[in-house]
Amino acid sequence: MSIVRYLTHPQVQIDPDVPVPQWGLSPVGRARTEALANAGWLASTTQIVASGERKAIETAEIIAARLGLMIEIREAMHENDRSATGFLKPAEFEAVADQFFAAPHLSVRGWERAADAQARIVREAEAVLARHRPGDVLFVGHGAVGTLLFCHIAGHPIARIHDQPAGGGNCFAFAREGRRVLHGWRVMEDLGT
């Protein structure tokens, strides 16, 4: 059975003066990813596919270097487009994110609609999986679109109750054949157990 995993990048270096897609991993996020890459449970992975955002690429590169794989970058796997608001302080961001998930067919403060972001991430994942290459697949991306993909695979309506735990560096997995969820969100440190 081929396993498909969707991993969200862990902690980033927040800089309000830098566009969010250009944020890189923080030292904590980098250390968490290095520990994950050395854990060994990704040994059957043959494809690593990342969003074009810097934090996702950095996460994927650390894992790919350990596994001796190249990464494929798919620009359309980016996080939901929030450029209309730019950086928001944490409390305000969480309130807008709540609205994003609660009203998937509406644009909240100019953000990409959740329904559109879901259609985009599902299209990207299915394009990769349609190649039917042997081995496991690791997608490296972001929390909101990852949650939207999880909702689609699991057959759940879009809702924030299905969002990843805080902090990033979480993963869900499903069987390529039949798209059956194998496990919901787990923090990266708990994946090999």
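Where a number appears in this text, it was derived from the coordinates with a stated rule and is not lab data. Here the structure is a predicted model, which is why all the values come from computation and not from measurement. Virtual Cβ from ideal backbone geometry, glycine too; neighbours counted across all protein chains shown.
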Within region 169-193, restricting attention to residues that are β-branched (Val, Ile, Thr) and surrounded by 14 or more Cβ atoms within 10 Å (Cβ to Cβ), which residue is nearest to Ala64 (Cα to Cα)?
Val187
Being over 12 Å from the mean Cα position of the chain (by Cα) and either touching a residue at least 24 places away in the same chain (Cβ under 8 Å) or surrounded by fewer than 18 Cβ atoms within 10 Å (Cβ to Cβ) (or both) is true for just one of Ala144, Ala166, Ala125. Which residue is that?
Ala166
Evaluate the following for Val137: is it in contact with a strand residue (DSSP E or B) (Cβ under 6 Å, 6 or more places away or on another chain), outside any helix (DSSP H, G or I) and within 17 Å of Arg74 (Cβ to Cβ)?
yes
How about region 141-190: which of its residues are under 24 Å from Asn38 (Cβ atoms), touching a Phe, Trp or Tyr at 6+ places or on another chain (Cβ under 9 Å) and of a type outside the set (Phe, Trp, Tyr)?
Gly141, Gly146, Gln164, Pro165, Asn170, Cys171, Ala173, Leu182, His183, Arg186
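Residue by residue, here is whether (1) farther than 22 Å from Arg74 by Cβ; (2) basic (Lys, Arg); (3) touching a strand residue (DSSP E or B) at 6+ places or on another chain (Cβ under 6 Å); (4) touching a residue at least 24 places away in the same chain (Cβ under 8 Å) holds:
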{"position": "Val4", "(1), (2), (3), (4)": "no, no, yes, yes"}
{"position": "Thr8", "(1), (2), (3), (4)": "no, no, yes, yes"}
{"position": "Val18", "(1), (2), (3), (4)": "yes, no, no, no"}
{"position": "Trp23", "(1), (2), (3), (4)": "no, no, yes, yes"}
{"position": "Ser26", "(1), (2), (3), (4)": "yes, no, yes, no"}
{"position": "Glu34", "(1), (2), (3), (4)": "yes, no, no, yes"}
{"position": "Ala39", "(1), (2), (3), (4)": "yes, no, no, yes"}
{"position": "Ala43", "(1), (2), (3), (4)": "yes, no, no, yes"}
{"position": "Thr46", "(1), (2), (3), (4)": "no, no, no, yes"}
Identify all residues within region 40-90 that are over 14 Å from Val140 (Cα atoms), part of a loop (DSSP other than H, G, I, E, B) and either in contact with a helix residue (DSSP H, G or I) (Cβ under 6 Å, 6 or more places away or on another chain) or not hydrophobic (A, V, I, L, M, F, W, C) (or both); write none if there are none.
Gly40, Ser44, Gly68, Asn80, Asp81, Arg82, Ser83, Thr85, Gly86, Lys89
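Condition check ((1) in a helix (DSSP H, G or I); (2) touching a Ser or Thr at 6+ places or on another chain (Cβ under 9 Å); (3) touching a residue at least 12 places away in the same chain (Cβ under 8 Å)) across all residues:
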site	(1), (2), (3)
Glu92	yes, yes, no
Val96	yes, yes, yes
His105	no, no, no
Arg133	no, yes, yes
Phe150	yes, no, yes
Tell me, please, whether a residue that is surrounded by 17 or more Cβ atoms within 10 Å (Cβ to Cβ) and more than 16 Å from the chain's Cα centre (by Cα) can be found in region 39-53.
yes
Against the definition (surrounded by fewer than 19 Cβ atoms within 10 Å (Cβ to Cβ), assigned to a helix (DSSP H, G or I) and under 18 Å from the mean Cα position of the chain (by Cα)), how does Arg30 come out, yes or no?
yes
